[in-house]
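Down below is the structure, laid out as structure tokens.
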């Protein structure tokens, strides 16, 4: 088991890639804090892990609010005694073209996808630094690399996540804390349901593997980055997109 006895926080663990990753982490021996703003989703994920003889706790948190994040970290520390892994997975979309995007749509995505990643990392970094080890995994997107029509806000956050990743790798590396980012491509999750079918077909045609990715395939990369197998990997941005030709 590559994550035996590690304590891992997974934000956005109530569904999609977050849920798949929380379950995969537990199967690798981690004690998992399944964090979500939707407590029912977090509880369902934790219950699934428990049914599979894993160890998990469901924790409510709004990652866009500092007090909520700090409370979440305190809860995890009281339960697990330490924090070894942070997967900054929570994210939302509020799509619109530049000239039609509202300030509310902009702020909502910035607050969760960018500010939320910063708040969570800021809250766990001192604890990881004090213990001399830890892995922070930030979820970006290929949209953060290439942009996407109607996603100014989302692209801005995901590009910002990459920039923060490289900065934190420099700042936290001397304390033994590794920080990496992953840029998933088009993965078969609930979020795909908001994308027109013709766009999905075009994506598949432009993907050498000719299909969408699976949540479990992204989770496998997160396991690598969370484990000691990646002990000399930091500041990296790993694309998991099937070779998509954007």
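The values are calculated or read from the model by the stated rules, or taken from the named source; none is laboratory data. Predicted, not measured: the structure shown is a model, and the values here were computed from it. As a convention, Cβ positions derive from the backbone with ideal geometry for all residues, glycine included, and neighbour counts pool all protein chains shown.
All conditions but one from (1) surrounded by fewer than 24 Cβ atoms within 10 Å (Cβ to Cβ); (2) in contact with a helix residue (DSSP H, G or I) (Cβ under 9 Å, 6 or more places away or on another chain) apply to residue 47; the one that does not is (2).
If you go through the range 36-53 and keep only what is in a helix (DSSP H, G or I) and either in contact (Cβ under 8 Å) with a residue 60 or more places away in the chain or under 21 Å from residue 91 (Cα atoms) (or both), you end up with 39, 40, 41, 42, 43, 44, 45, 46.
Identify all residues within the range 13-24 that are closer than 12 Å to residue 48 by Cβ and either in a helix (DSSP H, G or I) or out of contact with any helix residue (DSSP H, G or I) (no Cβ under 6 Å at 6 or more places or on another chain) (or both); write none if there are none. 19, 20, 22, 23, 24 - these are the residues of the range 13-24 that are closer than 12 Å to residue 48 by Cβ and either in a helix (DSSP H, G or I) or out of contact with any helix residue (DSSP H, G or I) (no Cβ under 6 Å at 6 or more places or on another chain) (or both).
Filter the helices (runs of 4 or more DSSP H) completely within the range 144-236 down to those with at least 1 residues that are at pLDDT 95 or above, buried (at least 20 other Cβ atoms within 10 Å of the Cβ) and touching a helix residue (DSSP H, G or I) at 6+ places or on another chain (Cβ under 6 Å).
Numbers: elements: 152-172, 197-206, 215-226.
Passing ranges, in order: 152-172, 215-226.
Looking only at the range 192-241, residues that are under 22 Å from residue 12 (Cβ atoms) and within 20 Å of the chain's Cα centre (by Cα) come to 26 in all.
Results for (1) without any contact (Cβ under 8 Å) to a residue 60 or more places away in the chain; (2) under 21 Å from residue 14 (Cβ atoms), shown as yes or no for each residue.
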position	(1), (2)
150	yes, no
156	yes, no
167	yes, no
178	yes, no
182	yes, yes
190	no, yes
